[in-house]
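The next block holds one structure in the form of structure tokens; read it before the comments.
The values are calculated or read from the model by the stated rules, or taken from the named source; none is laboratory data. Keep in mind that this is a model prediction, so the values were computed, not measured. All Cβ positions, glycine included, derive from the backbone under ideal geometry; neighbour counts span all protein chains shown. Ligands, DNA and RNA are stripped out before the accessible areas are found, and what is left, the full protein with its side chains, is counted by its heavy atoms. Shrake-Rupley method; radii C 1.70, N 1.55, O 1.52, S 1.80 Å.
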Amino acid sequence: MELVVSSLLKIAFLLTVILGLVPVLIWAERKGSAFIQDRTGPNRASVLGIRLGGLVHPIADVMKLLFKEDFRPENAHRFLYALAPFLVFFIALLTYAVIPFGDFIRIGGVEYQLVVADLNVGILYVLAIASLGTYGVVMGGWASNNKYAFLGAVRSTSQMISYEISMGLSIIGLMLIFSSLRLTDIVAGQGGAIWNWGFAMQPLGAILFIVAVFAETNRNPFDLPEGESELVSGYHLEYSSMKFALFFMAEYTNMVIGAALITTLFFGGWNIPWLTRSVIEGHAGTILPVHLVIQAVVMGLISLLFFRRAARERDKFGDARDREPGFMGVVTALMALGAAGSFALKPWAIGVDAASIYATLLQVGAFVGKVVFFCWVFIWVRWTLPRFRYDQLMGLGWKVMLPLALANVVLTAIWLAIV
Amino acid sequence: MTATKKAHPYGGKMTFWERTYLPEVFRGMGITIKHVIHNLLHTSEMPTVQYPEEHRSYSPRFRGRHRLMQRDDGSPRCVACMMCSTACPADCIHIVAGEHPDPAIEKFPETFDIDLLRCVYCGLCEEACPCDAIRMDTGIYEIAGTTREEFFVSKEFLLNNKSDGTEV
């Protein structure tokens with residue numbers, strides 16, 4: 001019973017984080033691409049004049065998608081056409097089961113591991129489930145009965161086969177070093193100094209894995225299944241309304257998985273360099289006050305910037321939007337005051353249990369922070385690089401990545417045998 | 001990294017580092033993040049025009065919606081010579097001429113309609129006009145309507161058509 005409850009809570013936490021990240025990523029994609037291309041990006045949708053720099057736009061998008069006509073082409077396969085988006089989204093969410101987002105949380109003397117299913121074949125599970133995602137894509141492309149969607153599906157399959165191999169081979173070196181397939185072991189093995197992280201021990205493997213993850217998530221420069229310039233929009237061409245939204249959300253969910261996998265395998269997972277759990281728990285009386293002071297100062301400065309803007313641009317628009325800087329200033333000022341006010345609770349005299357929970361929170365925060373950073377890398381790369389040509393994609397996959405991944409495995413094995 | 005800086009014509013042989021893609025990828029990412037940081041710190045310098053609130057300023061020679069010039073007594077300057085409607089490549093000016101009560105002036109337009117949906121804003125009408133009666137200097141480019149009829153503008157409309165809303 002306890003296992004069920006704790007698992008449900010962990011699943012709820014993961015779903016909240018992931019599904020909460022999706023609209024934020026869509027916003028980051030639009031705003032980031034705008035800033036990269038010297039545009040302002042979304043800044044119109046507002047709730048009572050509060051625009052949050054365009055973050056309200058995803059809400060408007062969802063409203064639009066919910067009320068759009070759910071169109072089905074005449075000759076589409078009824079069942080598969082409806083099944084495909086659900087399959088893609090479902091499989092995208094499955095992978096998270098084995099990814100550890102913290103080591104454990106101690107509540108009432110009981111330690112709960114912060115991973116939903118601590119499989120001893122964690123990596124294999126990830127690889128197996130991640131490659132299932134292409135079935136949804138193929139199904140959607142084929143069932144739409146549209147040649148462009150079908151071409152997108154075909155490309156997706158061939159791309160998946162080409163890059164799955166180097167993806168699997170690129171992490172064999174890592175498995176050899178940590179001698180485990182369990183993701184919690186791999187993360188725990190990367191604790192301590194930053195050179196214990198996977199990318200320091202397996203630089204080539206890390207690069208190959210990151211490139212392969214880009215190909216697996218169908219993101220630029222490997223977004224040939226979508227290829228809007230040649231295939232209109234690829235496998236989800238015929239989809240509209242919430243079915244399209246599911247494909248869209250699955251893409252971003254896949255991105256979060258990709259980022260979480262890169263983080264877990266090569267960038268220390270929930271580890272903070274040098275600040276291991278024992279260090280945090282031992283010095284919580286120092287770290288927590290410093291943390292709170294930094295938060296109070298940073299938030300206070302941000303709120304001052306907002307108030308300055310509110311004073312300067314009092315009548316910029318002449319409507320509700322003029323209230324926004326003041327509102328944001330009040331919110332950030334409250335955050336600063338909250339951080340400062342928690343000094344009343346004597347953070348320098350933090351208890352042992354509280355210190356343990358604080359360490360857990362810091363680690364979960366580090367994990368989420370790294371995942372968000374790698375999600376931004378996905379967006380950043382997408383708006384930097386052009387798409388590969390199809391033959392370049394295949395050439396890179398088979399003639400460069402596969403031999404390099406094999407060489408990486410051999411060299412790691414030799415190195416481990418000598419050392 | 002010196003090898004990557006060497007210029008080569010498109011289709012030429014790439015250097016080794018270029019063929020690995022990675023240094024060039026990081027260089028490109030450096031360029032894009034520079035743009036992001038610059039735009040984050042200098043949001044007010046963004047070239048985007050926030051359209052409904054702000055308007056782009058056009059040159060005074062910009063050809064906007066037409067207007068008809070008035071004489072001192074408020075009657076149209078137009079003498080219904082049909083030069084503009086003859087010159088019009090889009091065939092959008094429709095004039096019905098009438099006899100002017102003043103014997104010094106031969107004709108005046110009883111109706112002077114422009115179909116703004118047909119107009120190509122070429123400016124040949126104002127070039128053709130012998131008495132400077134039609135001009136396109138209003139600077140109005142926001143021409144919108146819900147029916148086709150709204151775009152079929154009459155003499156009365158054109159006589160009082162100035163960008164700042166004042167009468168001539």
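Residues are listed down the side, and each one gets a yes or a no for (1) among the hydrophobic types (A, V, I, L, M, F, W, C); (2) at pLDDT 85 or above; (3) open to solvent by less than 10 Å² (accessible area, probe 1.4 Å):
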residue: A:Ala45; (1), (2), (3): yes, no, no
residue: A:Phe67; (1), (2), (3): yes, yes, no
residue: A:Val115; (1), (2), (3): yes, no, yes
residue: A:Leu119; (1), (2), (3): yes, no, no
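Taking the criterion of being on the phi < 0 side of the Ramachandran plot, part of a helix (DSSP H, G or I), open to solvent by 60 Å² or more (accessible area, probe 1.4 Å) and touching a residue at least 60 places away in the same chain (Cβ under 8 Å), would at least one residue in the stretch A:138-146 satisfy it?
Within the stretch A:138-146, one or more residues are on the phi < 0 side of the Ramachandran plot, part of a helix (DSSP H, G or I), open to solvent by 60 Å² or more (accessible area, probe 1.4 Å) and touching a residue at least 60 places away in the same chain (Cβ under 8 Å).
Give A:Phe199, A:Phe209, A:Phe222 a once-over and let me know the one that is open to solvent by 10 Å² or more (accessible area, probe 1.4 Å) and of a type outside the set (Asp, Glu).
A:Phe199
On the given criteria, is A:Val56 without any contact (Cβ under 8 Å) to a residue 60 or more places away in the chain and of a type in the set (A, V, I, L, M)? Can you show your working first?
Details: without any contact (Cβ under 8 Å) to a residue 60 or more places away in the chain: yes; of a type in the set (A, V, I, L, M): yes.
Yes: the conditions hold for A:Val56.
Residue by residue, here is whether (1) modelled with pLDDT under 85; (2) of a type outside the set (A, V, I, L, M, F, W, C); (3) not assigned by TED's automatic domain parsing to the domain that holds A:Phe327 holds:
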{"residue": "A:Ser6", "(1), (2), (3)": "yes, yes, yes"}
{"residue": "A:Leu9", "(1), (2), (3)": "no, no, yes"}
{"residue": "A:Phe13", "(1), (2), (3)": "no, no, yes"}
{"residue": "A:Val24", "(1), (2), (3)": "no, no, yes"}
{"residue": "A:Ser33", "(1), (2), (3)": "no, yes, yes"}
{"residue": "A:His57", "(1), (2), (3)": "no, yes, yes"}
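Which ones in the stretch A:169-187 are in contact with a Ser or Thr (Cβ under 9 Å, 6 or more places away or on another chain), touching a residue at least 12 places away in the same chain (Cβ under 8 Å) and surrounded by fewer than 21 Cβ atoms within 10 Å (Cβ to Cβ)?
Taking the stretch A:169-187 as the starting set, the residues that turn out to be in contact with a Ser or Thr (Cβ under 9 Å, 6 or more places away or on another chain) are A:172-174, A:176-177, A:183, A:185-187.
If we keep only those that are touching a residue at least 12 places away in the same chain (Cβ under 8 Å) too, we end up with A:172-174, A:176-177, A:183, A:186-187.
A:Ile172, A:Leu176, A:Ile177, listed by residue number.
If I ask for residues that are of a type in the set (Gly, Ala, Ser) and either more than 12 Å from every other protein chain (Cβ to nearest Cβ) or over 25 Å from A:Ile379 (Cβ atoms) (or both), which ones from the stretch B:11-34 would you list?
Of everything in the stretch B:11-34, those that are of a type in the set (Gly, Ala, Ser) and either more than 12 Å from every other protein chain (Cβ to nearest Cβ) or over 25 Å from A:Ile379 (Cβ atoms) (or both) turn out to be B:Gly11, B:Gly12.
Quick check: is even one residue across the stretch A:388-404 modelled with pLDDT under 90, open to solvent by 20 Å² or more (accessible area, probe 1.4 Å) and basic (Lys, Arg)?
Yes, the stretch A:388-404 contains a residue that is modelled with pLDDT under 90, open to solvent by 20 Å² or more (accessible area, probe 1.4 Å) and basic (Lys, Arg).
Considering only residues that are at the interface with chain A (Cβ under 9 Å from one of its Cβ atoms) and open to solvent by 90 Å² or more (accessible area, probe 1.4 Å), look in the stretch B:40-51 and name the one that is farthest from A:Arg382 (Cα to Cα). Before you say what the answer is, go through the steps one by one.
Of the stretch B:40-51, the ones at the interface with chain A (Cβ under 9 Å from one of its Cβ atoms) are B:40, B:43, B:46-48, B:50.
Imposing the further condition that a residue be open to solvent by 90 Å² or more (accessible area, probe 1.4 Å) reduces the set to B:40, B:47.
Values: B:Leu40: 19, B:Pro47: 23 Å.
Among those residues, the one meeting the criterion is B:Pro47.
Output the residues belonging to the stretch A:337-363 that are crowded, with 18+ Cβ neighbours inside 10 Å and either within 14 Å of chain B (Cβ to nearest Cβ) or assigned to a helix (DSSP H, G or I) (or both).
Those that are crowded, with 18+ Cβ neighbours inside 10 Å and either within 14 Å of chain B (Cβ to nearest Cβ) or assigned to a helix (DSSP H, G or I) (or both): A:Ala339, A:Pro347, A:Ala355, A:Ser356, A:Tyr358, A:Ala359, A:Thr360, A:Leu362, A:Gln363.
Per-residue answers, yes or no, for (1) open to solvent by 40 Å² or more (accessible area, probe 1.4 Å); (2) within 14 Å of chain A (Cβ to nearest Cβ); (3) aliphatic (A, V, I, L, M); (4) within 30 Å of A:Pro42 (Cα to Cα):
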{"position": "B:His38", "(1), (2), (3), (4)": "yes, yes, no, yes"}
{"position": "B:Glu54", "(1), (2), (3), (4)": "yes, yes, no, yes"}
{"position": "B:His66", "(1), (2), (3), (4)": "no, no, no, no"}
{"position": "B:Arg71", "(1), (2), (3), (4)": "yes, no, no, no"}
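Tell me, please, whether a residue that is at negative phi and touching a residue at least 60 places away in the same chain (Cβ under 8 Å) can be found in the stretch B:98-113.
Checked against the condition, which is being at negative phi and touching a residue at least 60 places away in the same chain (Cβ under 8 Å), the stretch B:98-113 yields no hits at all.
Looking at the stretch A:54-70, is at least one residue within 14 Å of another protein chain (Cβ to nearest Cβ) and in contact with a Phe, Trp or Tyr (Cβ under 8 Å, 6 or more places away or on another chain)?
Within the stretch A:54-70, one or more residues are within 14 Å of another protein chain (Cβ to nearest Cβ) and in contact with a Phe, Trp or Tyr (Cβ under 8 Å, 6 or more places away or on another chain).
Can you name every residue in the stretch A:32-57 that is more than 17 Å from the chain's Cα centre (by Cα), of a type outside the set (Ser, Thr, Tyr) and assigned to a helix (DSSP H, G or I)?
Passing the criteria: A:Ala34, A:Phe35, A:Ile36, A:Leu52, A:Gly53, A:Gly54, A:His57.
Picking from A:Ile11, A:Ile26, A:Ile18, which residue would you name as being touching a residue at least 12 places away in the same chain (Cβ under 8 Å) and open to solvent by less than 20 Å² (accessible area, probe 1.4 Å)?
Numbers: A:Ile11 fails: open to solvent by less than 20 Å² (accessible area, probe 1.4 Å); A:Ile26 fails: open to solvent by less than 20 Å² (accessible area, probe 1.4 Å).
The conditions single out A:Ile18.
Output yes when any residue across the stretch B:97-105 is modelled with pLDDT of 90 or more, of a type outside the set (Phe, Trp, Tyr) and not in a strand (DSSP E or B), and no when none is.
Scanning the stretch B:97-105, I find no residue that is modelled with pLDDT of 90 or more, of a type outside the set (Phe, Trp, Tyr) and not in a strand (DSSP E or B), so the answer is no.
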